[in-house]
Amino acid sequence: MEHDEVFLARAFELARCGRFTTAPNPNVGCVIVLDGRIVGEGYHQRAGEPHAEVYALRRAGGAARGATAYVTLEPC
């Protein structure tokens, strides 16, 4: 598997964590990667709460600068 595929697969895995709590919104996962290493992850936990990208960026902190975001839906 290519690195992109591995990170995107992880984002889909994270998205499944919210499968029963996000309706009517979609399930979304996000992985932030810097230099081949995951520095932040997140998923949309509940309708009306922050999106997956917000959680992932919070966890990544300053390491998000210059990193790549792998998201299962277009970012907001």
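We did not get these values from a lab; they are worked out from the coordinates using the rules stated. Fair warning: this is a prediction, and the values are worked out from it, not measured in the lab. A quick note on method: Cβ atoms are made from the backbone with ideal geometry, for glycine too, and the neighbour counts reach across all protein chains shown.
Structure notes:
- Neighbours of A60 by Cβ distance under 11 Å: Lys/Arg scored +1, Asp/Glu scored -1, total +2.
- Taken along the Cα-to-beta-carbon direction at a fixed 7 Å, the label points for N25 and F12 span 2.2 nm.
- Within the chain, helix-based [θ] at 222 nm, where runs of 4 or more DSSP H residues each add -39,500 (n - 2.57), nearest 500: -9500 deg cm²/dmol
- Within a Gaussian network of the chain (alpha carbon springs, distance under 10 Å), most fluctuating of E13, E49, E41: E49
- Each Lys and Arg adds +1 at its Cβ and each Asp and Glu adds -1 at its Cβ; summed about the Cα centre, the chain shows a dipole of about 320 debye.
- Here's how it looks for G40: its modeled amide H is under 5 Å from those of I32, which are all 5 or more places away or on a different chain.
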